[in-house]
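Please read the structure below before turning to the comments.
The values are calculated or read from the model by the stated rules, or taken from the named source; none is laboratory data. Bear in mind the structure is a predicted one, so any value in this text is a computation, not a measurement. Please note: Cβ atoms are built from the backbone with ideal geometry, for glycine as well, and neighbour counts cover all protein chains shown.
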Amino acid sequence: MTVTDTPERDDSEKAAEARPAKLGAVGWARWFWRTLTSMRTALILLFLFALASIPGSIWPQRGVSDAMVGQYYADDPELAEWLDRFWLFDVFKAPWFAAIYLLLFLSLIGCVLPRTMAHLRELRKKPPAAPRNLSRLPQHAVLDGDLTVEEAARRLRRLRFRVTTGPGWVSAEKGYLKETGNLLFHVALLGLLVAIGVGALYGYRGNVLVVEGDGFANTVAAYDRYMPGQQVNAESLEPFSFTLEDFQATYIAKGDKRGQALDYSAKLAVSDLPGAPERTYELKVNEPLDVNGTMTYLLDHGYAPTFKITDGKGQVAFEGSVPCLVIDPATFTSECVIKVADAQPEQLGILVAFLPSTVPAEGGEWVSIFPGAANPTAQVYGAFAGDLGMRDGVPQSVYEIPPEIQKKLKPLVMKADPLAVGQKLDLPGGAGSIEFTGVKEWIALQITYDPGRMPALLASVLATVALVFSLTVRRRRVWVRVGEGPQARAEAGGLTRTGGDFGEEFASVVAALNHGSNPGVKDAR
Amino acid sequence: MPAEADPVLAALSDQLILATVLLYVIAMLAYALDLAFGRAPAEASAAPAEPVLAAVGGAAAPAASASQREENGDTALSEAEETSEAGEGAGGTQPAPKPLPVWVTKAGTAALALSWLGLVVNLAALATRGLAAGRWPWGNMYEFVIAICLAAVAAFLLMQLRYPVRFLGAFVVGAAALGLGAAVHALQVEAGPAMVALNSYWIAIHVSAAIAASGLFIVAGACGVIYLIRNDAAVHLPTREELERVAHRAIVIGFPIWTFAVIAGALWADKAWGRYWGWDPKEIWAFITWIVYAGYLHARATAGWKGRSATVVQLVAFACLLFNLIGVNIFIPGLHSYAEIPG
Ligand code: HEM
C-alpha cells in the first residue's frame, strides 16, 4: 500500500495501535513497521533529530574543540566524567544519536519504497476518464469552434500533457515530476547518508605541523595525529611528499583592524610520487593542495624561533627550531618550551616567551604590538635543570613541562631580558648557555582523504534539484468533452491535485485548445 | 584586496544606512495607517482565481468520483490539500465596502513607494560598503544583518507584486528598521578587509543564498507571528488561512535556497577547513533550522497539521534561524568568523 497519511489510514493506524494486545509476532512486526513508517513517526523522528543535535552546540565536541573538552576535565573532572558518560562530548558519534537517525532513515525507506512502486505503476497508467459534468470542476470553460477529439488530444499533447481519449472526451494530465522529485529527493538523502558513511570508514584525516625548511612525507608515522577510518590500510596512503620552502603572512598595519591577517601563503615543493620531479604549489586558506584526491589544508600558523643551546660540558646539546604556541593571536605573543634531553650533566628545560614585534612596556616588561616579525625577541622566563621525566613512558605535550615535574627541577633563571637574534644568555652556575639564532615559522596542516566527498556532493545536488521539482511542480488534469450534433459545444474542465492556483495556466490551456498551436495569436475567423 | 578601506565611501555607506532606517520607519507608519483605516484585506486581497476555487472546490470531489481516484492510485493526501484549499478560499468573510478618505487610500501606495525607495537606498548602502572595503559586503555581522534586512524587504516587495500581501509591510519593514537600528547601534565596525578564511568566491555563493533564504523566512515568520496574535475581531488583517498560505509560499521558495546555501557552505568548508561537514556550532544550527523547516513541510504536506500547529513549527524553525544568526555568533565560539562584534 502507499504509505501516506490519509484520514482513513490515520483511523486504521489508531485502530492498530489500540489492538496490539491481541496480535501475534507477525502482527506485532506489522504494527511496528506501520508505526515506524507512518508520517507522524517520521515527523517525531525529524524533530528528535534536530533536538538531539543541540547538545553538540552547547558542549565542546572532541575532534572540533579538544582543548575545550580538556578544560572541562581540568575545571570539574567529576562533571566532565558524567557528561562523557552520556556522550555529550561526542554527540554526533553517540549511540543515542545514531539510533535516532537510523530509525529516521529506516522510516524513510519504509516510506519511499511503497510510494516508488505506486508511482511507477501510476506512470504506466493512463489518465482517468473525463467526469460527466465538467462544469462542476474547479476550472471550467466553454471552448469555441468545433474541436474534434483528435484535434484536442493533439493540442494537449503539444502542451506536454499525457493524453488519453474516449468517445467524445479527452483526458490529460501532467506534473508527474512532482512525485518523481519527491521520491528522488528522499532517495538522495539516503545516498548522502551512505556517502558520509563510506567517507568515515574508508577515509582518514591527520594533522601535522611543519616548520619552514622541513619536509613531510605522507606516511602514518609522519603525522602528529592520525585518525583513520576503520577500513583504512596504512599502506594505501597516497605516497606524496613536500618541503615547506617559505611561509608568508601579511597583516593590516594601521587602523582599527591593525594586526588582522590579510593573507597567508605557504610555498611547497611537492613531489607527487617518490622520485617524481618537484613542482611548486602555493598553499593558502581556501586553496588546498590536491594530490589524487588526498587534500592538504593550511589550518594555522605560528612562530618557530631557532636556538643553539650549549650544556654544562660545553657541548652543543640542541640546535634547531622550536614551534611555539600562540598565546595572543592579535600580536602573536607566543610561548615556547625547549626540552634539552641531551644536555649534560643534567637535562635542561627552558621556557621562552617569543615576541614578534617587541616594545618595552611599563614596569620593565616587554610586549609584542604586532603579529609580524618586525622586532623579534625571545625572553627566557624559566630555565631548569634536572630530570625532565621524558623516559617515564608517559607521553608529554611538547608545549609544556608538566607542573608536577617542574616542581622537582632546579630553577636556574626565573626572568631574563629579551634576547634579540644573535644574542646569548649564559645560564648561572656554568649550566650552559642559550643563543637565539633566528626566526622561522610553522604551519599546521590537515591532510584528508575522503572517498565519500564526490558521492556526497552528487547526492546533495540531486537532492536540491529534486526538491525544487517536488516543491514547484503541481499535478494537474484537464479534460475536454466534445458534444455531438451541430449545436453542441466543446467544453474543458481542469483541476490541480496539490493546491495552488491553476486559473492562469488553465486559461492558457483553454487558449491553446481554442487556437491550436499559437495560443498568443487572435483567432482569424 | 586593499588593506585599507576608502574612508569617503565608508562614511557614505554609514549615512545611507541611517537614511534607510528613516525611510523604513516612515514606510512602516504609512503601512500601519493603511492597516488601521484602509479597506479590509479580505476584500482587497482576494486573488481573482481564488473565489472560483472556493465556490466550486467543494463540489469538485464528487465530480472526480472517489472510486476513480482510488483506481488511479491517487493519494488521499492530495484530496486533503484540495479540500483545504477550498476551505481556505471560502474562509474570508467579506464586509461591505465603505467609502474611504483620500489620505487613507494613498497611505498604502505611499508606504509601498517609500519601501521601494528604502530598498534602493539600503542596497546602495551595502554596495558602497563593499566598494569601500573592496570585497563582498557581507564579511562581518554588521554587514550580514544589513544584507538580511535588505533581503527581507526585497522578499516582501517582490511577493507583493504577485500576491496581495501588503498587510505584511508594517511588520516586515518595521522589523527591517529595527534590525538596521540594532546593527548600527550594537554591531557597527569600521569597514575593512574580512578574515582570511572569507577571501573566497564562495562568500558570494554561500552567504548570498543564506541571506536570500533568510529574507523569505522572515516574511514567513512575520505571517506566523500575525497568525498567532490575530484575534477574530481584527477584520483589517487577512484571515488565518491567507496568512498560512503566504507563509507556506515564502517557505516553499526559501527552503530550497536554504538547502542550497547549506550545501554551498559544505563545499566551502571542504575547501577552507578540510572537511565538508564538521558539526561546528554554526553548521549544527543551520542543520537544525533545515530539519525543522523540513518538518514544517512534512507537517503541512502530509500529516495534516495545518493551522496553528504548522505555524508553531514554522516559528520554531524561524527561531532556530535567528538563534543561528545572533546567538551562535555571539555566545558560542566556533570557526565561523562572522561575528567580529565590536568591543
Ligand atoms: C531525513 C529525513 C527527511 C527529510 C529531511 C525530509 C524532507 C522532506 C521535504 C523537504 C519534503 C517536502 C517536499 C514537498 O513538500 O513536496 C518532504 C516531503 C515528503 N516526505 Fe520527507 N523527509 C525526510 C524523511 C521522511 C520520512 C521518514 C518519510 C516517511 C515516513 C517522509 C515522507 C515524505 C512524504 C510522503 C513527502 C511528500 C509530501 C507531499 O506529497 O507533498 N519523509 N520530505
Open item on the list: Any residue in the stretch A:185-205 that is facing chain B (nearest Cβ under 10 Å) and touching a residue at least 24 places away in the same chain (Cβ under 8 Å) sitting within a Cβ distance under 7 Å of a residue that is of a type in the set (Asp, Glu) and more than 9 Å from the ligand (Cβ to nearest atom)? List the pairs, counting only those 6 or more apart or interchain.
Closed with: A:Gly199/A:Asp450; A:Gly203/A:Asp450
Open item on the list: Considering only the stretch A:270-289, I want to know if a residue exists there that is of a type in the set (S, T, N, Q), without any contact (Cβ under 8 Å) to a residue 60 or more places away in the chain, in contact with a Phe, Trp or Tyr (Cβ under 8 Å, 6 or more places away or on another chain) and farther than 27 Å from A:Val421 by Cβ.
Closed with: yes
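Conditions (1) touching a Gly at 6+ places or on another chain (Cβ under 8 Å); (2) more than 17 Å from B:Ile203 (Cβ to Cβ); (3) of a type in the set (D, E, K, R), marked per residue:
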{"site": "B:Ala269", "(1), (2), (3)": "yes, no, no"}
{"site": "B:Ile284", "(1), (2), (3)": "yes, yes, no"}
{"site": "B:Tyr296", "(1), (2), (3)": "no, yes, no"}
{"site": "B:Gln314", "(1), (2), (3)": "yes, yes, no"}
TODO: Tally the residues that are touching a Gly at 6+ places or on another chain (Cβ under 9 Å) and near the ligand (Cβ under 9 Å from one of its atoms), restricting the search to the stretch A:101-138.
DONE: 0
TODO: Could you name every one of the strands (runs of 3 or more DSSP E) located completely within the stretch A:239-345 that has at least 3 residues being assigned by TED's automatic domain parsing to the domain that holds A:Pro356 and not basic (Lys, Arg)?
DONE: A:294-311, A:316-321, A:325-328, A:333-340
- [ ] Filter the stretch A:33-58 down to residues that are more than 16 Å from the ligand (Cβ to nearest atom) and surrounded by fewer than 19 Cβ atoms within 10 Å (Cβ to Cβ) and give me whichever is farthest from the chain's Cα centre (by Cα).
- [x] A:Ile58
TODO: Considering only the stretch A:189-202, state which residues are more than 8 Å from the ligand (Cβ to nearest atom) and buried (at least 20 other Cβ atoms within 10 Å of the Cβ).
DONE: A:Leu192, A:Ala195, A:Gly199
Task: Identity of the residue in the stretch B:269-321, of a type in the set (Lys, Arg) and closer than 15 Å to B:Cys223 by Cβ, that ends up nearest to the ligand (Cβ to nearest atom) - done: B:Arg300
Open item on the list: Checking the condition in a strand (DSSP E or B), out of contact with any helix residue (DSSP H, G or I) (no Cβ under 8 Å at 6 or more places or on another chain) and surrounded by 15 or more Cβ atoms within 10 Å (Cβ to Cβ), which residue from A:Arg477, A:Arg481 passes?
Closed with: A:Arg477
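Residue-by-condition table, conditions (1) in a strand (DSSP E or B); (2) modelled with pLDDT under 85; (3) surrounded by fewer than 16 Cβ atoms within 10 Å (Cβ to Cβ); (4) out of contact with any strand residue (DSSP E or B) (no Cβ under 7 Å at 6 or more places or on another chain):
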position: A:Gly382; (1), (2), (3), (4): yes, no, no, no
position: A:Gly389; (1), (2), (3), (4): no, yes, no, yes
position: A:Gly393; (1), (2), (3), (4): no, yes, yes, yes
position: A:Ile434; (1), (2), (3), (4): yes, no, no, no
position: A:Gly438; (1), (2), (3), (4): yes, no, yes, no
position: A:Glu441; (1), (2), (3), (4): yes, no, no, no
position: A:Gln446; (1), (2), (3), (4): yes, no, no, no
Task: Per-region count, the stretch B:164-206, residues in contact (Cβ under 8 Å) with a residue 40 or more places away in the chain and hydroxyl-bearing (Ser, Thr, Tyr) - done: 1
TODO: Scan the stretch B:279-296 for residues that are more than 7 Å from every other protein chain (Cβ to nearest Cβ) and either buried (at least 23 other Cβ atoms within 10 Å of the Cβ) or of a type in the set (Val, Ile, Thr) (or both) and report the count.
DONE: 4
Open item on the list: Kindly evaluate A:Val91 against the criterion of being within 13 Å of chain B (Cβ to nearest Cβ), among the β-branched types (Val, Ile, Thr) and over 28 Å from B:Val313 (Cβ atoms).
Closed with: no
- [ ] Scan B:Ala266, B:Ala261 and give me the residue that is away from the ligand (no atom under 14 Å from the Cβ), at pLDDT 95 or above and under 19 Å from A:Val465 (Cα atoms).
- [x] B:Ala261
- [ ] Take A:Val521 and decide whether it is at pLDDT 70 or above and either assigned to a loop (DSSP other than H, G, I, E, B) or within 14 Å of chain B (Cβ to nearest Cβ) (or both).
- [x] no
Task: Complete set of residues in the stretch B:121-138 that are modelled with pLDDT of 85 or more, within 14 Å of B:Pro7 (Cα to Cα) and not aliphatic (A, V, I, L, M) - done: B:Thr128, B:Arg129, B:Gly130
Open item on the list: Would you confirm, using the coordinates I've provided, whether B:Gly274 is part of a loop (DSSP other than H, G, I, E, B), facing another protein chain (nearest Cβ under 9 Å) and more than 30 Å from B:Gly134 (Cα to Cα)?
Closed with: no
Open item on the list: So for the stretch A:284-300 (the condition being within 33 Å of the chain's Cα centre (by Cα) and over 27 Å from A:Tyr202 (Cα atoms)), does at least one residue qualify?
Closed with: no
Open item on the list: Just to be sure I understand, how many residues within the stretch B:238-258 are aliphatic (A, V, I, L, M), more than 7 Å from chain A (Cβ to nearest Cβ) and within 15 Å of the ligand (Cβ to nearest atom)?
Closed with: 5
Task: Some residue of the stretch B:202-220 being more than 24 Å from B:Val292 (Cα to Cα), assigned by TED's automatic domain parsing to the domain that holds B:Val21, at pLDDT 85 or above and of a type outside the set (Gly, Ala, Ser) - done: yes
Task: Restricting the stretch A:244-257 to residues that are surrounded by fewer than 19 Cβ atoms within 10 Å (Cβ to Cβ) and more than 10 Å from chain B (Cβ to nearest Cβ), the residue that is farthest from A:Glu278 (Cα to Cα) - done: A:Gln248
TODO: Return the total of residues in the stretch A:444-456 being facing chain B (nearest Cβ under 7 Å) and among the hydrophobic types (A, V, I, L, M, F, W, C).
DONE: 1
TODO: Considering each residue of the stretch A:203-229, count those that are surrounded by 14 or more Cβ atoms within 10 Å (Cβ to Cβ) and acidic (Asp, Glu), and give that number.
DONE: 2
